[in-house]
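Just below is one structure, and these are the notes that go with it.
Please treat every number below as a calculation from the coordinates, not as lab data. As the structure is a computational prediction, the values presented were derived from the model and not from experiment. For neighbour counting, all protein chains shown are included, and Cβ atoms are generated from backbone atoms with ideal geometry for every residue, glycine included.
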Amino acid sequence: MSSMRSPCGALGVTLVLAALGPLLAREARHSHPVMWIGGSFQWPCASTKALVIKAGSYVPKNVIATRAQILGDEVFVALPRFKRGNPVTLAKLSLAYRGCQASLAPFPCWSLQEEGDCHALQSVVDLFLDAHGVLWVLDTGVVDSLEEPVRRCPPKVVAFSAKTGKLLRVLPLGELACPLSRLQQLVVDYARDGHCYVYVSDAAARAVLVWDVAAGRGFRVLLPPQLLLGCARKDVLALALVRKKCGNNYLYFTYLSGKRLFSVKAECLRRGSVEGRVVDHGSKPGRMVLVGTDGGSAIFFRYEGSSEVYRWDADTRFSKENFALVHRGNQCSLATHAMADRKAGSMRVLESNFPDFIQGTVGCGATQTLSVMQNC
C-alpha cells in the first residue's frame, strides 16, 4: 500500500505557525529581561565620546538607573547624577533588545542633557508616565549628590511627549522648595474634571508640593508630625497614588524609617490642606520601601535590604496576611521601581546592586535588570 501525504499538511503547519507567530513574539517579549552594566550610551559619533571621556565627564561605573516607565517597546529611565561622570540623566532603551548589554539613548536629545544649562535637565530622580502618553520628570537641579553636592539650577518638573520627545511643559518648583529641600518622588493625578495635578515629596520639609497644571501655580502641603514617629532622621519620603474601587484617588505616603503608613484622599490634597483628613493605616511590619503601583489599587514594596517584592491591594486592610509575594530577585540586586508594561499585560521591576554603587564597589559598573514580575 502506498503512503499518502495530505496536500494540506504543509499548508496547515504554515497557517498554524503564522497564527502563533504574534503570540510567540508577545510571549518572548513578555518574559525576556533587559540587562546592562553601567552606562552604555548611543553616542552621536566616536570623536564626541572620546572628548567627553578625556574631559572626565563620562565614567560608566558612575551611571545607574533607579526609576523607569514603559510605553510600548520603549523604556524610559531616570539616571540621577549621583556622582561625577554621568553625561545623561534621562534616557530610553528598547524592550526588544536581546543582547547582554542594552544601550541607552538620551531622551529626548543630547542637548537637553547639558550640565549647567538651566534650560536642560540636571539630575532626574523620578519620572511618571500618565495615561495620555505624557512623561513627567522630576529634576532636582542638584548634581554629584553622593559626593560633593552642587546646585546647578532650581528644581523643576518637565513634561515631554513620550512618543515624539516634544517638550510640553516646565513647572518651576524653586519658589515652593527651600535651600534644604530634598525632592525625591513624583506622581501625577487627574481630577474628575480632567484637570492635572503634580505631587512631589519633599523629605526634608515633611511636605508634598502640589502643582495645579491648569492654573499654572503650586503650593506646599505640610504633612502631619505623626509621620515622623520612629524616624531617626527624615530619610526617604515615598509616595504611591492609587485608584480604589470607589473611583477616588488616594495618595499613600511614609518615611522609610517611619513606623506607620498614611494616606489622604487626593481631592483633599488638591485643596491645599490635609488637616483632619489623613488616615493612619497602622504599623508597618518593617522598614518598607515602596517601589511602585499598577495604576490601580495595588502597591508594590520590599523590605529594606531584601530582594523579595510584595503586592498589597489598598482596597484591603493593611496587614501581613494581605501581602502577596510576587517577585524574588537575586541576592545581589534590589528593586528600586515597579511599573506596568501595558503592552504585555504584566508588571516589570527595575533591579540593581544599588548598595554596591553607593559604596563604590561595582567594578566596571552597576548591574541593572528590567525583569517581569514572576507571580504578578
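Set the Förster radius R0 to 25 Å, insert the Cβ-Cβ distance between Ser257 and Cys364 as r into 1/(1 + (r/R0)^6), and round the FRET efficiency to 0.05. Could you put the intermediate results ahead of the total?
Values: r = 33 Å, r/R0 = 1.31.
About 0.15, to the nearest 0.05.
Between His119 and Lys49, what is the label-to-label distance in nm when each label sits 7 Å out along the Cα-to-Cβ direction?
It works out to 2.9 nm between the two label points.
May I have the pair-distance distribution P(r) for the chain, computed from all Cα-Cα distances with 20 Å bins from 0 and rounded to whole percent?
28, 57, 12, 3, 0
Rounded to the nearest 20 Debye, what is the dipole magnitude of the range 305-376 about its Cα centre when Lys and Arg each give +1 and Asp and Glu each give -1 at the C-beta?
160
Subtracting the Cα-Cα distance from 0.36 nm times the residue separation, let me have the gained length for Arg233 to Ala191 in nm, one decimal.
That works out to 11.8 nm of additional length.
R0 = 41 Å: FRET efficiency of Ser103 with Asn375, Cβ-based, nearest 0.05?
It comes out at approximately 0.85.
Find how much the distance from Glu267 to Gln331 grows on full extension, using 0.36 nm per residue of separation minus their present alpha carbon separation; answer in nm with one decimal.
19.0 nm
What does the highest-first list of 179-188, 230-239 look like by mean Cβ count within 10 Å?
Taking the mean over residues of other Cβ atoms within 10 Å, the ranking is 179-188, 230-239.
Remind me, relative contact order of the range 296-376 in percent, using alpha carbon pairs under 8 angstrom and six or more residues apart?
Taking the mean separation of contacting Cα pairs over the length of the range 296-376, I get 23 percent.
Could you give the size of the charge dipole of the range 35-304 about its Cα centre, using +1 on the Cβ of each K and R and -1 on the Cβ of each D and E, expressed in debye and rounded to the nearest 20?
Taking the Cα centre of the range 35-304 as origin, the dipole is about 420 debye.
With labels modelled as points extended 7 Å from the Cα through the Cβ direction, what inter-label distance (nm, one decimal) is found for Arg277 paired with Ala324?
With each label placed 7 Å out from Cα toward Cβ, I get 3.1 nm.
I'd like the orientation of helix 9-31 relative to the chain: the angle between its Cα long axis and the longest Cα principal axis, in ° from 0 to 90, rounded to 10.
20
Under 8 Å for C-alpha pairs, at least 6 residues apart: give me the relative contact order for the chain, rounded to a whole percent. If you can, show how the numbers build up before the last one.
Details: 887 pairs, mean separation 48.8, N = 376.
It rounds to 13 percent for the chain.
Quick one: 3J(HN,Hα) in Hz for the range 348-365, Karplus 6.51/-1.76/1.60 with θ = phi - 60°, rounded, Gly and Pro as x.
For the range 348-365, the Karplus curve yields 10, 9, 8, 10, 7, 8, 4, x, 5, 4, 4, 7, x, 10, 9, x, 7, x Hz.
Longer than 32 Å from Cα to Cα, which of Lys54/Lys234; Lys61/Lys320; Lys156/Lys320; Lys156/Lys259 are they? Say none if no pair is. Please report the intermediate quantities before stating the final value.
On the way: Lys54/Lys234 39 Å; Lys61/Lys320 38 Å; Lys156/Lys320 37 Å; Lys156/Lys259 30 Å.
Over 32 Å Cα-Cα: Lys54/Lys234; Lys61/Lys320; Lys156/Lys320.
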